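**Q** Once you've had a glance at the structure underneath, I'll fire off some questions.
The values are calculated or read from the model by the stated rules, or taken from the named source; none is laboratory data. Computed from a prediction, not measured in an experiment: that's the story for all the values here. We place every Cβ from the backbone using ideal geometry, glycine too, and count neighbours over all the protein chains shown. Heads up: the accessible areas ignore ligands, DNA and RNA and are worked out on the full protein's heavy atoms, side chains in. Shrake-Rupley method; radii C 1.70, N 1.55, O 1.52, S 1.80 Å.
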Amino acid sequence: MTRTPWLAALLAALALCLAACGSDDESSSSGGGSDATATATADATTAAASCDKGSLQLFKDGRLTVGTDKPAFPPYFEDDDPTTGKGFESAVAYAVAEQLGFTTDEVDWTVVPFNSSYAPGEKKFDFDINQISITPKRAERVDFSEPYFTAPQAVIALKSSDAANATSLADLKDAKLGVQVGTTSLDAATEKIQPSNQPQVFNDSNDTVRALKDERVDAIVVDLPTAFYLTAAVVPKAKIVGQFDAPGGDDWGLLLAKDSPLTDCVNQAVTKLRDDGTLQQLQDQYMGGDAAPELS
């Protein structure tokens, strides 16, 4: 009998304690959330501020310096002049510059031989754009942006060949195809074209091109950048029949000095251009259409 009032009092006190503890926890949790939100907001603001044009650490103050090789050839540049904004890579460079806050007349170009671009050491540019494949070995010595281009496969045929008139992958099913050993083109041709006869495999690119010239094959399958080069400089009597997507495409990135303070900002610019469709639009404009139609 005498324990009931005591127990009631104890329970009441415990209830008050739990209520108080609950209030403290809720307050603490709420306060922690506010702090976390404030911290995240501050971090985001700092990141945004660091990519403001005035905050960028550049090779030349107030100027964006872009490197590429010479000659600068199509379809990546036009008239051996990267400053025009015409050609796939010239247009990409200026699009990235715009994202970073630079106008066209605030961009400087400098000649950087291809092999020198990814050599270790000081860089005399902010970023280099020159069909440079992203590889683990190169990434040990330089930074790369997110890919701005992933190379599809392409079919090349002599202009006089029946294969040159193909408008779909199915049209190439009965063609005699040639590919270089050890490349992704063999898998691409087999999986996507599904030819009636196994493609002929050659030891190197010279043998593959020679087979095309000698008409021992109707067409060869290579990556699209190689196709542009071969038809422009090596086999002018050939044409790009078309391009098609396949696994294992070669990724190209903007190249920067190792641990460059500009890398994150360039990544943000490339990502935005990819997400809003600009990169695909430029690829279609300069590396598709009549030059390399889509084969499906």
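**Q** Could you figure out which of (1) under 30 Å from Leu64 (Cβ atoms); (2) part of a loop (DSSP other than H, G, I, E, B); (3) not acidic (Asp, Glu) isn't true of Phe144?
**A** Evaluating Phe144 over (1) under 30 Å from Leu64 (Cβ atoms); (2) part of a loop (DSSP other than H, G, I, E, B); (3) not acidic (Asp, Glu) leaves (2) as the failure.
**Q** Among the helices (runs of 4 or more DSSP H) confined wholly to region 202-295, which include 3 or more residues that are free of Cβ contacts under 8 Å to residues at least 40 places away in the same chain and not acidic (Asp, Glu)? Break it down stepwise before answering.
**A** On the way: elements: 205-213, 224-229, 263-275, 278-287.
Per the criteria, 205-213.
**Q** Another question, then. Could you tell me whether Lys272 is open to solvent by 50 Å² or more (accessible area, probe 1.4 Å), touching a Lys or Arg at 6+ places or on another chain (Cβ under 6 Å) and modelled with pLDDT of 95 or more?
**A** No, not satisfied.
**Q** Quick test of your reading of the structure: Lys192 fulfils all but one of (1) charged (D, E, K, R); (2) in contact with a strand residue (DSSP E or B) (Cβ under 9 Å, 6 or more places away or on another chain); (3) without any contact (Cβ under 8 Å) to a residue 12 or more places away in the chain. Name the failing condition by number.
**A** Going through (1) charged (D, E, K, R); (2) in contact with a strand residue (DSSP E or B) (Cβ under 9 Å, 6 or more places away or on another chain); (3) without any contact (Cβ under 8 Å) to a residue 12 or more places away in the chain one by one, Lys192 breaks only (3).
**Q** If you don't mind, another one. Is at least one residue of region 147-159 touching a helix residue (DSSP H, G or I) at 6+ places or on another chain (Cβ under 9 Å), modelled with pLDDT of 95 or more, under 30 Å from Ala257 (Cα atoms) and open to solvent by 20 Å² or more (accessible area, probe 1.4 Å)?
**A** Yes, because at least one residue in region 147-159 is touching a helix residue (DSSP H, G or I) at 6+ places or on another chain (Cβ under 9 Å), modelled with pLDDT of 95 or more, under 30 Å from Ala257 (Cα atoms) and open to solvent by 20 Å² or more (accessible area, probe 1.4 Å).
**Q** For residues that are within 12 Å of Ala257 (Cβ to Cβ) and buried (at least 18 other Cβ atoms within 10 Å of the Cβ), tally how many sit in region 113-140.
**A** Summing the residues that are within 12 Å of Ala257 (Cβ to Cβ) and buried (at least 18 other Cβ atoms within 10 Å of the Cβ) in region 113-140 gives 7.
**Q** Let me ask something additional. Sort out which residues of region 282-295 are touching a Gly at 6+ places or on another chain (Cβ under 9 Å) and over 19 Å from Glu89 (Cβ atoms), and write them in order of number.
**A** Pro293, Glu294, Leu295
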